[in-house]
Structures are given as C-alpha cells and as structure tokens.
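The values are calculated or read from the model by the stated rules, or taken from the named source; none is laboratory data. Predicted model only: the values in this text are computed from it and were never measured. No Cβ is skipped: glycine too gets one built from the backbone with ideal geometry, and neighbour counts run over all protein chains shown. The accessibility values were calculated without ligands, DNA or RNA, using every heavy atom of the protein model including side chains. Shrake-Rupley method; radii C 1.70, N 1.55, O 1.52, S 1.80 Å.
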Amino acid sequence: MPFLQVGVDDTDSKDGMCTTYIGALIVEESKRIGAEIIDYPRLIRLNPNWPHKTRGNCAIAITIKATDEKVLLVKKKIIELVKENAELEYETTNPGVVFYHSLKAPESLKRFSDSVIKDIVTIQDAEKLAAEIKAEVHKIKSGNGIIGALAAIGESLDTDKTFELVAYRLPKNRGTQRDIDKNSVIEMDEITHPKTFDNYDPVTGEICITPHTPCPILYGIRAENPAIAIDAHKIVRSAEPIERWIVYKTNQATDSHYQKLKIRDLKPYVSAIIEGKVSSKPRIIQGGHIIFKIKDKSGELYCATFEPTKQFRKIITKLIEGDHITVYGGVKEKSNLPLTLNLEKLEILKLSPLIEKHNPICNKCGKRAKSSGKNDGYICKSCKKKFSKDSFILKEKIRDLNIGFYEVPPRARRHLAKPLIRIFMKGSNMPKPFDEQLQPNSLN
Ligand code: ZN
C-alpha cells in the first residue's frame, strides 16, 4: 500500500490555533477514512530566532499508509481541515501543506530540514526543492508555511528525539484562564521526573506545562518516551474537560538548533555554540539584564542574559575576565548594536584565578596599614611606620563558582534547548537540576 507523508505549518496566530491541534484532527480524520497512521506524528520546532516565525514556530508531519483511493480522500480532507481551522483572517497566517509519496526522505530534503531548523530559508528555496523531489505543495494565501511543512517531512528524528503529550481544551474554554491543579503537577513531576521534564520550576513554583497564549492547548507534557507521558497525563488533574489529546515525537529539547561557530562567522538569527574566554566582567544593566563579552581567536562578542532567567543570572555575575567558557544561545542583531548572543546555556571549562590586592600588615603592631595617598605607599596608623607602595599582599580568593554546565530555568528555556537533565540522565551522579544554587554536576 502507498505511503503518504503530510507536512503542515503556519496555521496559528497570536490569538489562537496551534498547528499541533490541526495535526490531531488530521490523525483522527485519516483513521476515520480508513488510513493507517505509521509511527508517531512529528512535531518539529524550527529556527527560534527567525524574525517571521509563527507563534510557537512548530510544524507537524504525519505518515499515513492507505490505498490510492483513500490517499486521495485523506489529502482532500486535510486541505479542508487546514482551511477551516487556520487563522486565515490574520495577515501573518499563511498555511502550507505538503504531500510527499515516499517513506524515506532524500538527502536534499534532509539538508533542507536542517537549514530550516538552524538558519533562514526562503519560500523560493522550498518551492525549488519541492519541484525537484516531486513533493506536492499546497499554498494557502501566500503559503509561507510550505517551508516548515517540507522541513517537518524531512526531519525523521533518527538521532535524538523526545515526546510531548498535548491535551486540548473545549472551544468554549479557549482564551479563558486554565484551571490545572498545581499540586497534581508537582505530584506528577515527583513520580515521573526525569523521564518527564520541565513540568514546573521549583524555584519560582511556576507550572510550566501550560502555555500562556489563548491557543487550544490545555497543557503539554514533555517526556523521554510516550508511555511515561501518558502515565504523567493520568496524574494531572484539570478542572476543565479535555477535548482530545495526542502524543507527538519531536525535536524539542535536543539542541538541534545549535551550530558550533567561531565569533567571526556569526550572523543574525542563528543559534550558536561558542568557546572562548570572558573578556569583560558581567555588568547589570537597566531592567536587571546582564551583559558581558567573550573572545575567541577570531573576535569578540557580547553575551546577554535577561531578567526572566532569574537564578541563572546569579551564576553569570560570578564570571570574571579570563574564565574559559562555552556559551550556547541565539544570535540577535539590534539596531546600532553589535551582534549579541542571548544565553541559553553555559559550560564553565576553567576558572581564572581571582587575585585580590591587600594592604600590608605592620610587622610591629600586627595591624593592617592604611594607604597613605595616591602612589605614596602605606602607613601604619598606630606606630606611623611607612611601607613602600609595592609592599601590598596578593591573595588568591576562592571562586564561588564551579566548573560544569548551567542553564536557564524551565520558564525561560527555548523549546529546542536540551535541558541538562537530559544530558546527565544516564550518569551515575545525576545532578538534581534547577535547585536554588544551580550547582553542577557530574562533569567536575
Ligand atoms: Zn605599626
């Protein structure tokens, strides 16, 4: 029986809808027609720094197996579902649907997907590739969504992947306050973490499974496998009914947006991993944000971390010049400012010694001498003994910081950023993440 891969993107607006919801409808309708759904539907997050991204910047792909006759019915139904449910009255909502009649993505399509997740791609690039690989493209309005739709088909998640169970609200409840029992989320986290992650932020007490937008999602549970996501879902108590739910296989929490780059090679909108040394001490600017500079052999770069990253900022303020670090984050360009990397994650590789200069201690009375004026050396206030200006004492101060990984809290995390708990889950000395001190970890 023939296979059909379906990709959909750009159906939401800031005020509603979510492409994952249309994906759930497509799965249900395809089954009703008599088609078989192969594997889990895929939720593919795209470049989070792209200025024209959709709200959640996610596209979906579904693999279907059916007779030729049923494939035709399914395709017709999908176009109808997208047209009925997408927020078409919004100028920025321009859905795209792509059909591809093969189970295996060609190399050119895989490369395209990688570019859409890491970089900027045009609709012309998408149309050209679709023609080459004989993918069937349906543009609704300007059809910008075909970029993500095609990318979702090409991302088969063969390397790293996670899962998300998404539960949806009844139409009449959308846009109102979500009423989830917070204690049930904490209970769920206690039972299922770290096989589920980013459920809530223990520092702020904030629940992280519910979105803050008026979209149809009631909550989403992120997990290492589908079974644990479903177990977790059974523990969460909601005051409002769930209309439907679905489990997606996804590139969320896999770091797939990053490229390892030299500072010289950075450009706006990419997400980069850069190794270098702190070249200017972090300073707090207006709004509680923090900026500092790092340099590698190719150049120097501003790094920023913002107020909502809370406890992560405390770590950043402890960095000093010369610290050897690797930074992870999105590269932003703002008018009149040099390129800035918005920090998502940090690895401290080596700490620079922190040397402090102290006044000499008087050898007669044991008291610390005072400075006797600029360039004038020191004087003991009690016995008046003078000390030359180079008689100061250098002391190495213990750094209040450990080498290892640090990350922004769940509330400030990018969908694609891999939480440290996923990196260290298999280690024997698994760190408890997000604790007050954010102390790292087994790499020490
Ligand atoms: Zn003295």
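Assorted remarks:
- From the list VAL97, VAL166, the one residue that fits, being outside the structural domain of ASP15 (by TED's automatic domain parsing), open to solvent by less than 10 Å² (accessible area, probe 1.4 Å) and of a type outside the set (D, E, K, R), is VAL166.
- Residues of the range 306-349 satisfying the condition of being under 16 Å from LEU401 (Cβ atoms) and of a type in the set (Gly, Ala, Ser): GLY322
- When the range 326-368 is filtered for residues that are assigned to a strand (DSSP E or B), open to solvent by less than 70 Å² (accessible area, probe 1.4 Å) and closer than 24 Å to LYS395 by Cβ, the ones remaining, listed by number, are ILE348, LEU354, GLU356, HIS358.
- Scanning the range 134-161 for residues that are in contact (Cβ under 8 Å) with a residue 60 or more places away in the chain and crowded, with 24+ Cβ neighbours inside 10 Å yields GLY145, ILE146, ILE147, GLY148, ALA149, LEU150, ALA151, ALA152, ILE153, GLU155.
- Test: residue in the range 121-133 that is part of a loop (DSSP other than H, G, I, E, B), in contact (Cβ under 8 Å) with a residue 24 or more places away in the chain and under 23 Å from PRO48 (Cβ atoms): yes
A quick yes/no check of all residues on (1) of a type in the set (A, V, I, L, M); (2) within 16 Å of the ligand (Cβ to nearest atom):
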position	(1), (2)
TYR378	no, yes
LYS381	no, yes
LYS395	no, no
ASP400	no, no
ILE403	yes, no
TYR406	no, no
ALA412	yes, no
LYS418	no, no
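- Looking across the range 181-196, just one residue is open to solvent by less than 30 Å² (accessible area, probe 1.4 Å), modelled with pLDDT of 95 or more and not in a helix (DSSP H, G or I), and that is THR196.
- From the options LEU72, LEU165, residue that is in contact with a His (Cβ under 8 Å, 6 or more places away or on another chain) and not small (Gly, Ala, Ser): LEU165
- Meets criteria (touching a Pro at 6+ places or on another chain (Cβ under 6 Å) and closer than 23 Å to GLY220 by Cα) for THR63: no
- Filter pass, ALA239 being under 23 Å from ASP198 (Cα atoms) and within 24 Å of the chain's Cα centre (by Cα): no
- With respect to (1) open to solvent by less than 20 Å² (accessible area, probe 1.4 Å); (2) at pLDDT 95 or above; (3) among the acidic types (Asp, Glu), the lone exception for ASP201 is condition (2).
- Matching residues in the range 58-75 - criterion: being closer than 18 Å to ALA86 by Cβ and out of contact with any helix residue (DSSP H, G or I) (no Cβ under 8 Å at 6 or more places or on another chain): LYS75
- Extreme residue, nearest to the ligand (Cβ to nearest atom), among residues of the range 383-393 that are open to solvent by less than 70 Å² (accessible area, probe 1.4 Å) and part of a strand (DSSP E or B): PHE387
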